[in-house]
Structures are given as C-alpha cells and as structure tokens.
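Just so it is clear, none of the values below were taken in a lab; they were calculated from the coordinates. All values reported here derive from a predicted model rather than from experimental measurement. Virtual Cβ from ideal backbone geometry, glycine too; neighbours counted across all protein chains shown.
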Amino acid sequence: MQYSQKVLDHFMKPHNLGKLENANAEATEGSPACGDQVSIWLQVNDETQIIEDIGFLSYGCASNIATASIITDMAKGKTIDEAKALSWKEAAEELDGLPPVKMHCSVLAVDTLRKAIKNYELSHKLITEDKAGLSKERVLAELATILYPKVGEDLISLKMVKYVGVDENGIVTVDIDLPKFDQFRGNIADEVKEHLEKLPDVKEVHVNL
C-alpha cells in the first residue's frame with residue numbers, strides 16, 4: 001500500500017500524542033468493524049473558545065494514527081466553531097492523500113474531534129442535547145459519513161443507497177446496491193449498522209445488500 005511521505009512522518013512521529021491531564025472535553029470514537037479507535041482531549045479557553053491544547057491516543061493502522069495526528073494539528077489554535085468546520089477531505093489533503101481503502105480513517109478522526117467539541121459545548125451549556133428524534137434525513141446524513149473503501153467516497157455520493165426506511169418503532173431499513181461478489185459487502189453492512197445504532201431512538205437496523 002502506497003503512503004505519502006506526510007502520512008509516514010505523522011505515523012512515525014505523531015504530533016500531540018498523549019492524554020491531556022487538564023482537558024475540559026474529551027471523546028472516543030471507533031469502529032469494531034475495522035478495528036480503529038481514536039480518543040481526543042481538548043483544553044478550550046472558556047472566554048475565547050479557542051482550542052489552546054489538544055491530545056490524542058489512537059489504536060489502529062498507520063493511516064489512523066496519521067489522520068488523528070494531522071487533525072489535532074489543524075484544530076489547535078482554532079475556535080471550536082472553526083474546528084467543527086474541518087472536514088475529512090481536508091484532513092486527507094493535508095496528508096497529501098490517502099489510499100481509498102484508508103479514507104475512513106480521516107472520517108473517524110474528524111468525527112472524534114467533533115464529538116469532543118460537542119461534549120464541551122454540552123458541558124458548558126453552549127448547546128442543548130439534540131431532541132429532534134429519528135428521521136430519514138438523519139439516517140441519510142449518517143450514511144454520508146460512511147465510505148466505500150475501493151474509491152474512498154461516501155455511499156450517498158456514489159448513489160449506493162437505494163432505499164431508507166424509518167418506522168415509528170425505531171426500526172431502520174437500508175438497501176445498499178452492491179454486487180454479490182464485492183469484497184467489501186460485509187464491511188459496509190457492519191459499518192452501516194454500527195453508525196446507525198448510535199443514533200437516538202434507533203432500536204433495530206436492517207441492511208439489505
């Protein structure tokens with residue numbers, strides 16, 4: 001697998017590595033389907049809302065460590081609103097690209113950063129917990145964060161999602177268009193279930209391939 005020099009540099013000597021003892025926000029996200037996990041700690045200035053310090057721990061492959069390293073670099077010194085706007089594509093571009101099959105690592109890094117910021121906002125009463133409930137729109141938004149490994153693009157952009165159903169009992173049904181011989185079928189099904197089961201009010205997830 002071909003990695004850029006930047007990926008290798010951040011993998012061998014990751015920036016901002018380690019838990020922050022004085023953090024006022026943290027989050028851990030991971031995907032058992034691929035074995036990657038990232039924890040991020042933030043030290044946010046309560047007056048300026050600037051992320052003054054940031055640390056991370058990462059469990060997984062070289063891409064997972066490198067993307068966590070680069071996203072913490074990108075977030076440090078920014079306000080929480082600026083940091084929330086960072087995208088997984090920007091993280092990948094900062095590393096001079098990632099192999100398509102590893103693009104999901106940049107999504108995980110960004111998701112963890114955003115979750116840590118949300119936890120800060122909740123604990124400081126800057127926002128309230130989302131009570132919007134389960135909807136087709138929320139399911140589609142979550143599916144847009146799941147990448148097809150072969151090309152490193154999300155399922156929505158690739159038009160692989162053919163049907164999304166949400167009923168009043170919290171049962172979500174998703175039809176994904178993938179050939180039976182596709183090597184990523186099982187991985188995609190697991191990823192969809194893991195992502196959607198985290199949404200509020202979801203009781204069951206059925207994935208049809």
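Seen from K162, the other residues with C-beta closer than 14 Å to its C-beta sum to a net charge of 0, counting Lys and Arg as +1 and Asp and Glu as -1. Within the chain, the percentage of alpha carbon pairs spaced more than 26 angstrom apart rounds to 37%. Find the centroid of the Cα atoms in region 165-209 and in region 34-93, then give the distance between the two in whole Å. Comparing the Cα centres of region 165-209 and region 34-93, I get a distance of 28 Å.
Label positions at E82 and N119, each projected 7 Å from the Cα along the C-beta direction, are separated by 2.4 nm.
Computed over neighbours whose Cβ is under 14 Å from that of S4, the net charge equals -2, Lys and Arg +1, Asp and Glu -1. Between E21 and Y163, the contour length at 0.36 nm per residue exceeds the Cα-Cα span by 46.6 nm.
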